[in-house]
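Okay, so here's the structure we're looking at.
The values are calculated or read from the model by the stated rules, or taken from the named source; none is laboratory data. The structure presented is a predicted model; accordingly, all values stated were derived computationally and were not measured. Positions of Cβ are backbone-derived with ideal geometry, glycine not excepted, and every protein chain shown enters the neighbour counts.
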Amino acid sequence: MISAGTSEGLFIVAWAFEVKPEHQRDFVRAYGPNGEWVRLFRTSDGYIKTELHRDSHNSSRYITLDFWHSREQYESFRDCAVSSYQEIDAKCEQLTQKEQLIGDFADLASLYAAFPQLGPETKVGTTCSVRAAKVEDIPEIRRLEESTASAAHWPQDVYADICRSDAPSRIMLVAENIERKLCAFVVARVVADECELENIVVDSAESRQGIASALLQQLSRAARSQGAKRVFLEVRESNSAARALYEKCGFQRDGERGAYYSDPVEKAILYSLTL
């Protein structure tokens, strides 16, 4: 479902793209939630967000929706950012076979009326899909874990135990990129009405694509369905990227534990999220 995030002062610019099959990954990187276009838009007043959609019937067709507070602020951005806009546009031109301005709209109702395919016929596109982990995922999960120094490092049999149907109440989810390659995972344990996040890893090649946020959102849903009322975790004080992620996803700082980690010795910052 598409939501504007605001009901007042809305201006939407919609574009459709036919993406070359060999460049789909590069296209998603450029046009996704942390891509070059969004980074440019964020330098201007009035920008709200960009949504990237992928047609469920045509995997090469994408649609972008750029949300602004007003037409005036969008046009001011275009006037002030001509050089940067043209530079990115030229760089991205090689990624597509065709691009078309669908139009601009003052609300979602007019957008749907002009382009009904954006309703149930179009799948909201993220850079990944999230699903429950399977036994056959374990080699890739371990590869990701071993390549990430900040991850918790577990032997293979621990992951195998998590995948058993009679295993204690644990949640293990994986994310796949648009090429269906496993690129991230999260593991959490549910005890009574609490869920402890034990491990979360994203392939460094897929960073800043919203994948960790997607995993945490799906984890929250899964934990809630198992009766959890809170997700909690600890993280190294120096791990600023992880802390920023948790805070962005709504986690609140609860306290700290001195000298909790070793190699090097460092305090842990405690976070929790009420479900």
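Couple of notes before you dig in:
- When segment 163-180 is filtered for residues that are out of contact with any Asp or Glu (no Cβ under 7 Å at 6 or more places or on another chain) and at pLDDT 85 or above, the ones remaining, listed by number, are Arg170, Ile171, Met172, Leu173, Ala175, Glu176.
- Matching residues, segment 220-275, being of a type outside the set (A, V, I, L, M) and in a loop (DSSP other than H, G, I, E, B): Gln226, Gly227, Lys229, Glu237, Ser238, Asn239, Cys249, Gly250, Phe251, Ser262, Asp263, Pro264
- One residue stands out among those in segment 80-102 that are polar (S, T, N, Q) and surrounded by 13 or more Cβ atoms within 10 Å (Cβ to Cβ): the one that is farthest from the chain's Cα centre (by Cα), which is Ser84.
- Test: Ala113 is at pLDDT below 90, over 26 Å from Cys183 (Cβ atoms), of a type outside the set (D, E, K, R) and outside the structural domain of Ile211 (by TED's automatic domain parsing): yes
- Output for segment 202-216, where each listed residue is touching a residue at least 60 places away in the same chain (Cβ under 8 Å) and either assigned to a strand (DSSP E or B) or not charged (D, E, K, R) (or both): Gln209, Gly210, Ile211, Ala214, Leu215
- Restricting Phe77, Phe105, Phe17, Phe11 to residues that are within 24 Å of Ser213 (Cβ to Cβ), surrounded by 16 or more Cβ atoms within 10 Å (Cβ to Cβ) and touching a residue at least 12 places away in the same chain (Cβ under 8 Å) narrows the list to Phe17.
- Pair list, Cβ under 7 Å, 6 or more apart: segment 248-262 residue over 18 Å from Val231 (Cα atoms), other residue surrounded by 12 or more Cβ atoms within 10 Å (Cβ to Cβ) and hydrophobic (A, V, I, L, M, F, W, C): Tyr260/Ala268; Tyr261/Ala268
- Residue among Gln86, Gln73 that alone is in contact with an Asp or Glu (Cβ under 7 Å, 6 or more places away or on another chain), over 26 Å from Leu245 (Cβ atoms) and either in the same structural domain as Glu206 (by TED's automatic domain parsing) or in a helix (DSSP H, G or I) (or both): Gln73
- Within segment 37-56, tally of residues that are within 17 Å of Gln100 (Cβ to Cβ) and not in a strand (DSSP E or B): 1
- Residue within segment 156-171 that is crowded, with 19+ Cβ neighbours inside 10 Å and within 28 Å of Arg29 (Cβ to Cβ) present: no
- Selected residue [within 20 Å of Ala151 (Cβ to Cβ), more than 14 Å from the chain's Cα centre (by Cα) and either assigned by TED's automatic domain parsing to the domain that holds Gln24 or at pLDDT 95 or above (or both)] from Tyr271, Tyr261: Tyr271
- Residue in segment 132-144 that is assigned to a strand (DSSP E or B), out of contact with any Ser or Thr (no Cβ under 6 Å at 6 or more places or on another chain) and modelled with pLDDT under 95 present: yes
- Candidates in segment 21-55 are the residues that are touching a Pro at 6+ places or on another chain (Cβ under 9 Å) and of a type outside the set (A, V, I, L, M, F, W, C); of these, the one that is surrounded by the most Cβ atoms within 10 Å (Cβ to Cβ) is Glu51.
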